[in-house]
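**Q** One structure follows; several queries about it will come next.
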Amino acid sequence: MIRGNEIKCPRYEVVYERQRAKRWAICVFVINEGEKIRKQLRAMQEYAAIVDVIVADGGSTDGSLDAELMKDTGAKALLVKRGAGKLSAQMRMAFDYVLSEGYEGVVVIDGNGKDGLEGIPRMVEALEQGYDHVQGSRFIPGGHHENTPLARYLAVNLLHAPMISMVAGFRYTDTTNGFRAYSARLLSDDRIGVFRPCFDRYQLHYHLAICAASDGYRVCEVPVSRRYPASGKTPTKINGIGGLVAVFSQLWDVCRGKYD
């Protein structure tokens, strides 16, 4: 089944689907993560009592995802993006599906195995308490991080988080962390305008963090863990100086109100 129209969200295919069973969903954003995503989905079965798992694939070509894996791991759906755009386009795809299925809120997490899954119940608990934007943080009491690249640690703490916090009017500590949760109320707000094609890379994460706080929604941080490998290549889609420049260019655009 093909959905989307390239305006509200990119065209995407619902490759696998079963009935909604929970109030809350968790969307896993993935592209070409190989065995890491297969291992993560198996581990996420531990939380099947509180969330439905939806895999939002950006167009993987490594054969790591299929309907059989979804059945084996009890996933709710596998969505595959067929249209243009990167992470924010995947997010719009996932949010379109989540809202159409009637979920009250959604947790979002990367599919590269870096995030501690024990944070999932904390995210759901915050949604149940009425929070609309829940930011996972490694840098608050109870949070944990291992082998975080020094450049990334400094960039988050000295530039990225302070910029977003200043504009939002809420002190965030870990604004590059994609482990978050959103209420359906927030995602449906036309003032925020989630479903716009201008959100195609990393802008939507930043836009939601700012608008949730500045527009009066309930915002909080919860402790999470993130572990990078001690050696070898850092698992990330942001590569080289060009990738970092692009991220901070998008951050600047959001902070100066380009997407308001």
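**Q** Quick one: is Ala168 out of contact with any His (no Cβ under 6 Å at 6 or more places or on another chain), without any contact (Cβ under 8 Å) to a residue 60 or more places away in the chain and small (Gly, Ala, Ser)?
**A** Numbers: out of contact with any His (no Cβ under 6 Å at 6 or more places or on another chain): yes; without any contact (Cβ under 8 Å) to a residue 60 or more places away in the chain: yes; small (Gly, Ala, Ser): yes.
Answer is yes for this residue.
**Q** Quick check on the range 192-211. Is at least one of its residues within 26 Å of Arg23 (Cα to Cα), part of a loop (DSSP other than H, G, I, E, B) and open to solvent by 60 Å² or more (accessible area, probe 1.4 Å)? Reasoning before the result, please.
**A** Kept after step one, since they are within 26 Å of Arg23 (Cα to Cα), are these residues of the range 192-211: 192-196, 204-211.
Restricting the remaining residues to those that are part of a loop (DSSP other than H, G, I, E, B) gives 192-196.
In the following step, the residues that additionally are open to solvent by 60 Å² or more (accessible area, probe 1.4 Å) were identified as 196.
Yes.
**Q** Restricting to the range 1-51, count the residues that are of a type in the set (D, E, K, R) and under 15 Å from Ile109 (Cα atoms). Give the derivation first.
**A** We begin by selecting, within the range 1-51, every residue of a type in the set (D, E, K, R); these are 3, 6, 8, 11, 13, 17-18, 20, 22-23, 33, 35-36, 38-39, 42, 46.
When the remaining residues are screened for being under 15 Å from Ile109 (Cα atoms), the result is 33, 36, 38-39, 42.
Result for the range 1-51: 5.
**Q** So which residues in the range 46-65 are open to solvent by 60 Å² or more (accessible area, probe 1.4 Å) and over 12 Å from Glu33 (Cα atoms)?
**A** If the condition is that a residue be open to solvent by 60 Å² or more (accessible area, probe 1.4 Å) and over 12 Å from Glu33 (Cα atoms), then Glu46, Ala49 are the ones that fit.
**Q** Name the residue that is nearest to the chain's Cα centre (by Cα), counting only residues in the range 107-156 that are small (Gly, Ala, Ser) and open to solvent by 40 Å² or more (accessible area, probe 1.4 Å). Explain how you work it out, then say what you get.
**A** As a first pass, look at the range 107-156 and keep what is small (Gly, Ala, Ser): 111, 113, 116, 119, 126, 130, 136-137, 142-143, 151, 155.
With open to solvent by 40 Å² or more (accessible area, probe 1.4 Å) added as a condition, the list becomes 113, 142, 151.
Numbers: Gly113: 13, Gly142: 21, Ala151: 22 Å.
So the residue we want is Gly113.
**Q** Residue by residue through the range 1-32, note down the ones that are of a type outside the set (Phe, Trp, Tyr) and open to solvent by less than 20 Å² (accessible area, probe 1.4 Å).
**A** Pass one, the range 1-32, residues of a type outside the set (Phe, Trp, Tyr): 1-11, 13-15, 17-23, 25-28, 30-32.
Correct list: Cys9, Pro10, Val14, Ala25, Ile26, Cys27, Val28, Val30.
**Q** Being within 26 Å of Gly257 (Cβ to Cβ), outside any strand (DSSP E or B) and either open to solvent by less than 60 Å² (accessible area, probe 1.4 Å) or in contact with a Ser or Thr (Cβ under 6 Å, 6 or more places away or on another chain) (or both) narrows it down to one of Leu159, Leu99, so name that one. Walk me through how you get there before you give the answer.
**A** Numbers: Leu159 fails: either open to solvent by less than 60 Å² (accessible area, probe 1.4 Å) or in contact with a Ser or Thr (Cβ under 6 Å, 6 or more places away or on another chain) (or both).
Selected residue: Leu99, the only one of Leu159, Leu99 that is within 26 Å of Gly257 (Cβ to Cβ), outside any strand (DSSP E or B) and either open to solvent by less than 60 Å² (accessible area, probe 1.4 Å) or in contact with a Ser or Thr (Cβ under 6 Å, 6 or more places away or on another chain) (or both).
The values are calculated or read from the model by the stated rules, or taken from the named source; none is laboratory data. Predicted model only: the values in this text are computed from it and were never measured. Glycine also receives a Cβ, built like all others from the backbone with ideal geometry; neighbour counts cover every protein chain displayed. Areas reflect the complete protein model, heavy atoms only, side chains present, ligands, DNA and RNA absent. Shrake-Rupley method; radii C 1.70, N 1.55, O 1.52, S 1.80 Å.
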